Structures are given as C-alpha cells and as structure tokens.
Amino acid sequence: MTEISTGGDLVTYINVFTVAPENQQRLIELLQYMAREVMPKQPGYVQANIHRGLEGTRVANYNQWRSQADLAAAREDAEVRACMEQVLEIATLDLVPYEVVSVHRPQVS
C-alpha cells in the first residue's frame, strides 16, 4: 500500500501520459507489465500506482524511487528502454519529479 508522507527520502514521479482512447487500455497493460516485471529488477525502485483517466485520453503513473540517480540508471537498462519505446509509440509523456510537501487526512475522533 502506498504511504504518502513528508520528509521521506524518496523521490516521487507523477507521470501523465496522453494517449488516444483506443490505446488507453494497451498503455495501462504496458505500464502494469513494467511495474510488475521490469522495474522491480532495478535498484532503487520502490513502487508504482497506475491511474486511468476517466475521460479516456490520459493515464497517470505515481511512482517512487530512492533517488533521481536510480531512475536515471534504470532508464539506461535495455529492458526498460525497450518497454518505454513501446509506450512512446502510442503515448506522449510528461515526466516530472516531485517532493511531498504536505499530506492532509481527516482526524478520526
């Protein structure tokens, strides 16, 4: 389960993919394959969460790494590159690193 908190040592990426509606499910399947089979082999990978845009043209991937350097190294891996080539054949990507600055949850009484 994803735990979002401030002050952690993790780097969070919120990747937003834009895709034609007819390719949205295929993109989700590629990202799920990467999250289950490819990325766990990479040093520094923590987790990924994949979200389907209800409008049909976007997919978001919330993922966490130990460091930006770990993700940069993973991008050089042949298997990661091959998967990303397939992804980028059907989608465009906005890749941005984030730092969690605040988390708000209702207080339980």
Heavy-atom accessible area of the chain with neighbours in place, 1.4 angstrom probe: carbon+sulfur share in percent works out to 51
Enter the accessible area per residue of the stretch 27-109 (Å², integer; probe 1.4 Å; all protein chains in place). 65
Work out the charge dipole of the stretch 42-97 with +1 on the Cβ of Lys and Arg and -1 on the Cβ of Asp and Glu about the Cα centre, then indicate which of His51, Gln86, Ala72 is farthest towards its positive end. His51
Largest to smallest principal axis extent of the C-alpha atoms in the stretch 29-87, angstrom: 34, 22, 17
Is the shape of the stretch 1-58 rounded, prolate or oblate, going by the alpha carbon gyration tensor and its root eigenvalues a ≥ b ≥ c, with a/c under 1.5 for rounded and a/b larger than b/c for prolate? oblate
Assigning unit charges at the beta carbon (Lys, Arg +1; Asp, Glu -1) and nothing else, what dipole magnitude in debye, to the nearest 20, does the chain show about its Cα centre? 240
Give, as ranges by residue number, the residues of the stretch 72-92 whose backbone N falls under 15 Å from the point 7 Å along Cα→Cβ of Lys41. 74-85
Please state, as a whole number in µm²/s, the translational diffusion coefficient that the Stokes-Einstein equation yields for the chain at 4 °C and 1.567 mPa s, with Rh defined as the Kirkwood radius across alpha carbon pairs. 88
The chain: relative contact order from alpha carbon pairs under 8 Å, six or more residues apart, as a whole percent, is 43
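The values are calculated or read from the model by the stated rules, or taken from the named source; none is laboratory data. Being a predicted model, the structure only gives us computed values, none of them experimental. Neighbour counts are summed over all protein chains in view; Cβ atoms, including those assigned to glycine, are modelled from backbone coordinates with ideal geometry. Surface accessibility is based on the protein's heavy atoms, side chains included, excluding ligands, DNA and RNA. Shrake-Rupley method; radii C 1.70, N 1.55, O 1.52, S 1.80 Å.
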